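Enquirer: I'd like to ask some things about the structure below.
The values are calculated or read from the model by the stated rules, or taken from the named source; none is laboratory data. Small disclaimer: the values here were computed from a predicted structure and weren't measured. Using ideal geometry, Cβ is built from the backbone for each residue, glycine included, and neighbour counts are taken over all protein chains shown. Heads up: the accessible areas ignore ligands, DNA and RNA and are worked out on the full protein's heavy atoms, side chains in. Shrake-Rupley method; radii C 1.70, N 1.55, O 1.52, S 1.80 Å.
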Amino acid sequence: MDIKNFKWTREPSQYEIFNDRVEIVTKPNTDLWQRTYYHFRNDNAPVFQMESDEKYFSFVVKTEFHESHNRFDQCGIVMYLDSENWLKASVEYENDEFQHLGSVVTNGGYSDWATTEINADVKVVWYRFSRRLDDYCIECSFDGKTYHQMRICHVFKGDGKISFGIYACSPENSSFKAVFSNFEITECQWKAHDGQQPD
């Protein structure tokens, strides 16, 4: 896929775009979050996306975050429609022992956060974002071959043309370099459900 199709939603102050990768240096106190539990609203993380009205596809990208070192440092995939409707998936640094591999879905200005703990030594993760109409599947991989489902979700404003891509941020007083590569769009790898028929 051609990275030239991507456009910035909030351009970071430090970044480089190469033929095969994108590097973003995060700025302190940047994040994406809306209301739930913490009650604050943060909407200032840099987002690099492309548009598509395709109803069935998968988007794959490799993330490297060897320099993440402060609580909540994160980088990953995103589908940012507007400030109150978006989803993201990433690894968030916690401490020297573990990190949070998780995803956030924000519908109508309220975010959730689904996580699992992984070892702090993990510094490379692939993500696969798949669309079937206005439903979405997020998967992750630690080797770029075998993917594991993180979540299936519905985005209420995700039924038309969407924007999707990558993001990186540091919610606290921190900064690190995030590297994104192996960008790929394929036919939808999230196959139709072959079990119980819909009601």
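Enquirer: Go through segment 34-40 residue by residue and turn each phi into a ³J(HN,Hα) via Karplus (6.51, -1.76, 1.60, θ = phi - 60°); whole Hz please, and just put x for glycine and proline.
Expert: 9, 6, 3, 6, 7, 6, 8
Enquirer: For segment 110-182, rounded, prolate or oblate, judged on the Cα gyration tensor with a ≥ b ≥ c (square roots of eigenvalues), a/c < 1.5 rounded, else prolate if a/b > b/c?
Expert: Prolate, since a/c reaches 1.5 and a/b exceeds b/c.
Enquirer: Between beta-carbons, use under 12 Å as the cut-off and find the net charge around residue 20, counting Lys and Arg +1, Asp and Glu -1.
Expert: Once all neighbours under 12 Å are counted, the net charge is -2.
Enquirer: Using a 1.4 Å probe and ignoring any ligands, DNA or RNA, find the accessible area of residue 81 and quote it in Å² to the nearest 10.
Expert: 50 Å²
Enquirer: I'm spelling it out carefully: the read-out is Cα extents along the principal axes in Å, the candidates are (1) 76, 37, 24; (2) 49, 40, 31; (3) 53, 39, 30, and one was derived from this structure. Which label?
Expert: (2)
Enquirer: Probe radius 1.4 Å, ligands and nucleic acids left out: which of 117, 184, 139 has the largest accessible area, and how do the rest follow?
Expert: So the residues, ranked largest to smallest area, are 117, 184, 139.
Enquirer: If you don't mind, another one. Among 65-75, 40-50, how do they line up by average Cβ neighbours within 10 Å per residue, starting with the highest?
Expert: 65-75, 40-50
Enquirer: Another question, if that's okay. Please compute P(r) over all alpha-carbon pairs of segment 75-149, binned at 10 Å starting from zero, and give each bin as a whole-number percent.
Expert: 18, 49, 27, 5
Enquirer: Here's something else I'd like to know. So, with a 1.4 angstrom probe, what is the percent of accessible area on the chain that is carbon and sulfur?
Expert: 44 percent
Enquirer: What is the magnitude of the charge dipole of segment 1-47 about its Cα centre, with +1 placed on the Cβ of each Lys and Arg, -1 on the Cβ of each Asp and Glu, and no other charges, expressed in debye to the nearest 20?
Expert: 240 debye
Enquirer: If the only charges are +1 at each Lys and Arg Cβ and -1 at each Asp and Glu Cβ, what is the size of the charge dipole of the chain around the Cα centre, to the nearest 20 debye?
Expert: So the dipole magnitude of the chain works out to roughly 320 debye.
Enquirer: Please report, in cubic angstrom per residue, the volume enclosed by the convex hull of the alpha-carbon atoms of segment 16-84.
Expert: 136 Å³
Enquirer: Rank these residues by their accessible area, most exposed first, probe 1.4 Å: 93, 37.
Expert: 37, 93
Enquirer: Defining a contact as two alpha carbons under 8 Å apart and six or more residues distant in sequence, what relative contact order in percent does the chain show?
Expert: Reported as a whole number, the value is 31 percent.
Enquirer: Under a 1.4 Å probe, what is the accessible area of the chain per residue, stated in Å²?
Expert: 50 Å²
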